[in-house]
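Okay, so here's the structure we're looking at.
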């Protein structure tokens with residue numbers, strides 16, 4: 001089943017690389033221009049469960065990698081079909097400079113909070129998203145806190161003052 005899906009993807013999309021590292025997982029790398037049509041195609045094939053969106057900061061490459069994980073909902077309580085056992089990881093890369101990508105909310109409505117989180121933590125703007133408002137953070141950051149160039153120590157010192165190290169605290173108690 002998974003090899004059939006691989007062949008269909010390769011036949012219908014010119015710019016995909018498909019790997020099957022495990023029986024229950026497929027990784028599809030694609031250019032950003034094809035991701036939306038690929039997501040829609042897979043949903044139409046019955047992969048109708050959007051599980052999550054994640055992001056990797058490849059700072060040396062000056063890119064972000066967006067990773068969409070989709071699968072199929074179980075249709076029968078007694079027996080899983082082969083399709084229902086597969087997780088598909090869709091990966092695409094975008095520039096870190098003025099990072100933006102198009103929302104997939106029109107295909108999977110439940111992508112909304114994931115895109116908000118990625119926006120807040122990495123600074124990626126999702127075009128067409130209805131409300132990219134803060135989801136978790138209470139403060140504004142010059143650099144979003146999950147980017148690799150975010151300096152946690154500098155942030156803590158600027159926000160909370162000098163926090164003594166464990167060694168400094170032990171020496172102060174003597």
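Coordinate-derived values only; no laboratory data. The model shown is predicted, which means the values in this text are computed figures rather than measured ones. Cβ coordinates were reconstructed from backbone atoms using ideal geometry, including for glycine residues, and neighbour counts include every protein chain displayed.
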When the chain is treated as a Gaussian network with springs between alpha carbons less than 10 Å apart, the largest mean-square fluctuation among 48, 12, 158 is found at 158
Options [x] 0.97; [y] 1.18; [z] 1.31 are given for Cα Rg over 2.2 N^0.38 Å, and the computed one is [z]
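Which of rounded, prolate, oblate describes the range 111-174, given a ≥ b ≥ c as roots of the alpha-carbon gyration tensor eigenvalues and a/c under 1.5 marking rounded, otherwise prolate only if a/b is larger than b/c? Show your work: numbers first, answer last.
On the way: a/c = 3.78, a/b = 3.37, b/c = 1.12.
Judged from the Cα gyration tensor, the range 111-174 comes out prolate (a/c at least 1.5, a/b above b/c).
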Connecting every pair of Cα atoms under 10 Å apart in the chain and solving the GNM, the largest mean-square fluctuation among 44, 19, 153 falls on 153
So the angle from the long Cα axis of helix 2-12 to the longest Cα principal axis of the chain, reported in degrees to the nearest 10, equals 90 degrees
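Among DSSP beta bridges whose residues both lie in the chain, state the antiparallel percentage, nearest 5.
Working: 23 of 31 bridges.
Taking every DSSP beta bridge within the chain, about 75 percent pair in antiparallel fashion.
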Log10 I(q)/I(0) at q = 0.14, 0.17, 0.30 Å⁻¹ for the range 93-146, from Debye over equal alpha-carbon scatterers, is -0.34, -0.50, -1.29
Proxy exposure order for 167, 86 (fewest C-beta within 10 Å first) is 167, 86
